[in-house]
Amino acid sequence: MDQIVSIGSNQDAPAEIAVPASANGLQVTPSAVKRIRVILAKEGISLEVGGLRLGVKGGGCSGLSYAIAFDAHPRERDRIFTFDGVRVFVDPKSFVYLNGMTLDFEETLMRQGFNFINPNSTRSCGCGTSFSV
């Protein structure tokens, strides 16, 4: 499965290029895509212009924390990844830490939530929301 990646530009519409799923970048599992789609619908955010925002910020017990939010529009310099019609926005600074990462969604009797499977992480805390490189 190919993914569509848009790189922000100064033009009105970012350029989109097809990238093989095996290439570096960002991966989102089908279960995560399904959950993102449900949340976007509940938030009233259009799939055509809105999407999930992934980022990294300083903090947490391991030094860096994952940030996840839903945005109505991408920002100018965002990388935009599209998976089965669902868009994921990543700012350039966060992409340095998230390149190669897979976002999954797990729903079991014991746990429900997004999992960040990040090959760049050398250490993470017990809760899984903070990491270091």
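The values are calculated or read from the model by the stated rules, or taken from the named source; none is laboratory data. Here the structure is a predicted model, which is why all the values come from computation and not from measurement. Backbone-built Cβ (ideal geometry, glycine too); neighbour counts: all protein chains shown.
Summary of computed values
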item	result
Residues being in contact with a Ser or Thr (Cβ under 8 Å, 6 or more places away or on another chain) and within 22 Å of ALA41 (Cα to Cα) - total across the stretch 88-124	6
Condition check for LYS34: at pLDDT below 95 and not hydroxyl-bearing (Ser, Thr, Tyr)	no
The stretch 49-79: number of residues that are assigned to a strand (DSSP E or B) and either of a type in the set (Lys, Arg) or crowded, with 19+ Cβ neighbours inside 10 Å (or both)	9
Test: ASN24 is exposed (fewer than 15 other Cβ atoms within 10 Å of the Cβ) and either at pLDDT 90 or above or within 15 Å of the chain's Cα centre (by Cα) (or both)	yes
